[in-house]
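The values are calculated or read from the model by the stated rules, or taken from the named source; none is laboratory data. All values reported here derive from a predicted model rather than from experimental measurement. With ideal geometry, Cβ positions are generated from the backbone for all residues, glycine too; neighbour counts draw on all protein chains shown. The protein model used for the area step is the full one, side chains on, heavy atoms only, and it has no ligands, DNA or RNA in it. Shrake-Rupley method; radii C 1.70, N 1.55, O 1.52, S 1.80 Å.
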Amino acid sequence: MKLFLIPSWHPTPDKPNWCNWIKPHIQLAKSVAQEVIILQVDQETNQTSDEIIELNENHYYITSGGPKKRFQRNFITYKKSLKKYNAKLEKLYQFAVRVHGKPDLIHAHVSMPAGYGAAYLGSQHSIPVIVSEHYSGFFSDNKYFWRLGSFYKEMQKNISGFYTVSPGFKYNIENKTSLEVTGVLPNPINTELFYPDEYSVNNKTINFVTTGNIGLIKGTDILLKAFAFLPSDLKWRLIIIGKPAAKDKKFWKSLLKELPEDRIELLEPVPQEQLKRIYSQNDIYIVSSRVETANVSMLEAMACGCYVITSKINAPETLVSPDVATVYNNTPQALAKCIKTVSKRNLPSRFALRNFVLDNYSYNTLQKKLKITYESHIDNSCI
């Protein structure tokens, strides 16, 4: 089986930690297909060039960037952007076919722009296409017809499978849009990278960790307010890994001032090896998001032995079970109550938590599911 995999985003030399979640998807695909060719059109850069660069073996890269505009995602501007993207992707495709031959299947992550471009390639060259959707802005794109919703429908006409990364996200799409979801292909977790280091922190203090840029989408306000509600006799520490707030900085500073400085640590994004070490020295990972499609970081932390507390937003909580996680209604009061309750419990062992990830989201577990999915779409295209 020869697979062309098209990521909307992928780490680059300039952004080595950018969208690292795509790497396990690529590794899983490589464990299933005999040959995987990656075609990446980079719209995030300010550069644009027709030069094709081989970033890594069989990973072909071309730029399609430019200055960011205020109305970048309105209908007319985005349509022009997609047209430019498709032209660059076609150039990559023709180059890859000359070197490797025609693919049996194209797999794109996520709908815009990769899925849209992949659908165009599939219709032009008679190749089956599947799309995995895991973009948190999906519903804002589909909210108004004049934004991007029509492009998603156009994409679906020319693909043979549309998948989400969590059952809850599948449910939300089917109930909030007219798009049909074929099934669920979860985010694979690199359990060879994420595993428990030796735990060596003060066990009289409960150590919490979370990841995500400080902001309302990630519910950082809910998180900080919840910790301000905790009783003074509860000994805790909190690490937040993510970029500082881009706006309303006074608001975020005021929330941070409500918490003891020696109990909270803010870190900007770090390499995955360092993430593993941090997770291994913490007890509980918190999801406070208002919007998520799944949550890769939550499962990576669990693979390192962290128990999970997650907001009830019909996405991340659909990936876990009551044995390994506690779910709360998304308010500061509910989160504070949940933290106090969980802090009094005997949590599952770190290896029991890791085993949940191994049993449900490791490469070994998901290989068979992905292989069957790929083969079914290739077989159907031959009928």
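A compact table of results
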item: Correct option for Cα Rg over 2.2 N^0.38 Å [calculated from the coordinates] among [x] 1.06; [y] 1.02; [z] 1.21; result: [y]
item: Amide proton proximity set for ASP42, modelled H, under 5 Å, gap of 5+; result: ILE62, THR63, SER64
item: Modelled FRET efficiency - R0 41 Å, GLU273 with LYS83, Cβ distances, 0.05 increments; result: 0.55
item: Between helix 167-176 and the chain: long-axis angle, C-alpha atoms, 0 to 90°, nearest 10; result: 70 degrees
item: Apportionment of accessible area to carbon and sulfur, the range 292-381, percent (1.4 Å); result: 48 percent
item: Proximal aspartates and glutamates to LYS344, defined as alpha-carbon separation beneath 17 angstrom and excluding residues fewer than eight positions away on the same chain; result: ASP233, ASP283, ASP323
item: Listed residue pairs exceeding 28 Å between alpha carbons, taken from LYS170/LYS368; LYS2/LYS368; LYS15/LYS312; LYS204/LYS225; LYS91/LYS369; result: LYS15/LYS312; LYS91/LYS369
item: The range 199-343 shape via C-alpha gyration tensor axes, a/c threshold 1.5; result: rounded
item: Selection from ALA301, SER280, ASN329 lying farthest towards where the dipole of the range 252-332 points positive, charges on Cβ; result: ASN329
item: Per-residue ³J(HN,Hα) for the range 151-164, Karplus 6.51 cos²θ - 1.76 cosθ + 1.60, θ = phi - 60°, Hz, x for Gly and Pro; result: 5, 5, 5, 4, 4, 5, 5, 10, 10, 9, x, 10, 10, 10
item: Residue-averaged 222 nm ellipticity for the chain, from DSSP H runs of 4+ at -39500 (n - 2.57), nearest 500; result: -12000 deg cm²/dmol
item: Prolate/oblate/rounded label for the range 55-178 (Cα gyration tensor, a/c 1.5); result: oblate
item: Euclidean distance between Cα centres, the range 251-309 to the range 77-124, Å; result: 36 Å
item: Heavy-atom surface of the chain, accessible at 1.4 Å and reported per residue (Å²); result: 47 Å²
item: Rough spin-label spacing in nm, given labels placed 7 Å along Cα→Cβ, for ASP248 and SER376; result: 4.2 nm
item: Amide H contacts under 5 Å for GLY242, placed H, 5+ residues apart; result: GLY212, LEU267, GLU268
item: Under the Karplus curve 6.51 cos²θ - 1.76 cosθ + 1.60, θ = phi - 60°, whole-Hz ³J(HN,Hα) for the range 114-126, x wherever Gly or Pro sits; result: 4, x, 4, x, 5, 4, 5, 4, x, 5, 6, 10, 6
item: Simple Cβ-charge dipole of the chain, Lys/Arg +1 and Asp/Glu -1, about Cα centre, in debye nearest 20; result: 1220 debye
item: Where GluC sites (Glu not before Pro) fall in DSSP loop in the range 54-153, at most 13 other Cβ within 10 Å; result: GLU57
item: Residue-count net charge about LEU256 - beta-carbon cut-off 12 Å; Lys, Arg +1, Asp, Glu -1; result: +2
item: Burial order of peptide ranges 11-22, 209-220, 276-287 (average beta-carbon count within 10 Å, highest first); result: 276-287, 209-220, 11-22
item: Neighbour net charge for LEU238 - beta-carbon separation under 9 angstrom, K R +1, D E -1; result: +1
item: 5 angstrom amide H check on THR48, placed H, neighbours 5+ away; result: GLY65
item: Backbone HN-Hα couplings from phi across the range 76-88 [Karplus 6.51/-1.76/1.60, Hz, Gly and Pro as x]; result: 5, 5, 5, 4, 5, 5, 5, 4, 5, 4, 4, 5, 5
item: Overall form of the range 203-275 per C-alpha gyration tensor (a/c, 1.5; a/b vs b/c); result: oblate
item: Pairs from LYS69/LYS253; LYS249/LYS276; LYS30/LYS83; LYS218/LYS250; LYS30/LYS102; LYS79/LYS157 whose Cα-Cα separation, in the structure shown, is over 22 Å; result: LYS69/LYS253; LYS249/LYS276; LYS30/LYS83
item: Only Lys, Arg (+1) and Asp, Glu (-1) charged, at Cβ; the range 224-301 dipole about Cα centre in debye; result: 320 debye
item: Counting DSSP beta bridges with both ends in the chain, the antiparallel % (nearest 5); result: 10 percent
item: Gaussian network model of the chain, springs between alpha carbon atoms under 10 Å - residue of GLY65, GLY305, GLY101 with greatest fluctuation; result: GLY101
item: Under 14 Å from LYS143, Cα to Cα: aspartates and glutamates that are on another chain or at least 8 residues apart; result: GLU174
